[in-house]
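This report refers to the structure that appears directly beneath it.
The values are calculated or read from the model by the stated rules, or taken from the named source; none is laboratory data. The structure displayed is predicted, hence computed values, not measured ones. Using ideal geometry, Cβ is built from the backbone for each residue, glycine included, and neighbour counts are taken over all protein chains shown.
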Amino acid sequence: MSNAVIKPQEFAGLCKEGRKLDLIDVRTPIEYREVHLEVARNVPLDQLDPAVVMQNRNGSANEPLYVICRSGSRGQQACEKFVKAGFSNVVNIEGGTMACVEAGLPVVRGKKAVSLERQVRIAAGAIVLLAGALGWFVDPAFIGLAALVGAGLLFSGVTNSCAMGMVLARMPWNQCSQPTTTTSPR
């Protein structure tokens, strides 16, 4: 399933034209707090309800809904959710927030955080290291845990989804004390 994609430079051009754009950022609240486009509102992917988002739009239903994440992958997943729900006028920003920052789009910067992708790498590496040590010193059966993590990472790469990432996104350290989700576009 594919959807429309826009390059950061094209999106910047639309912003400069003074158009009222509806942009949702589907990263975790902590990632959003660290850096986000000025015009974005936070609707985390794990809480995304396409019908609710579309119902709460202030703009015309005929105008596209733009979607952004860190690098484009979660944005693509969010767009697919919208399409499956019957909303086809969604556009993923290619390269995500990282590409927009590089392109010089105006952003809001806040408190630094460890990205969700980095957290997944840390957790997967720690589990594999622990499984290897337990397999060596305790019981070789623990090597199966390392194989399970490897299979999960392979599945994640093939399906472009990450169960570990979705679990980590719900952890307390990835939540903000102040809500960042808004119901209407800025």
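Some observations on this one:
- GLU10 vs. criteria surrounded by fewer than 21 Cβ atoms within 10 Å (Cβ to Cβ) and not in a loop (DSSP other than H, G, I, E, B): yes
- Only one of the numbered conditions (1) in the same structural domain as PRO8 (by TED's automatic domain parsing); (2) surrounded by 19 or more Cβ atoms within 10 Å (Cβ to Cβ); (3) under 20 Å from LEU168 (Cα atoms) is not met by VAL120, and that is (1).
- On inspection, LEU48 does not qualify as assigned by TED's automatic domain parsing to the domain that holds MET98, in contact with an Asp or Glu (Cβ under 8 Å, 6 or more places away or on another chain), among the aliphatic types (A, V, I, L, M) and touching a residue at least 24 places away in the same chain (Cβ under 8 Å).
- Flag for ARG27 being assigned to a loop (DSSP other than H, G, I, E, B) and in contact with a Pro (Cβ under 8 Å, 6 or more places away or on another chain): yes
- Of the candidates VAL167, VAL114, VAL158, VAL108, the single residue that is without any contact (Cβ under 8 Å) to a residue 60 or more places away in the chain, exposed (fewer than 15 other Cβ atoms within 10 Å of the Cβ) and outside any helix (DSSP H, G or I) is VAL114.
- SER88 in contact (Cβ under 8 Å) with a residue 24 or more places away in the chain, surrounded by 15 or more Cβ atoms within 10 Å (Cβ to Cβ) and hydroxyl-bearing (Ser, Thr, Tyr): no
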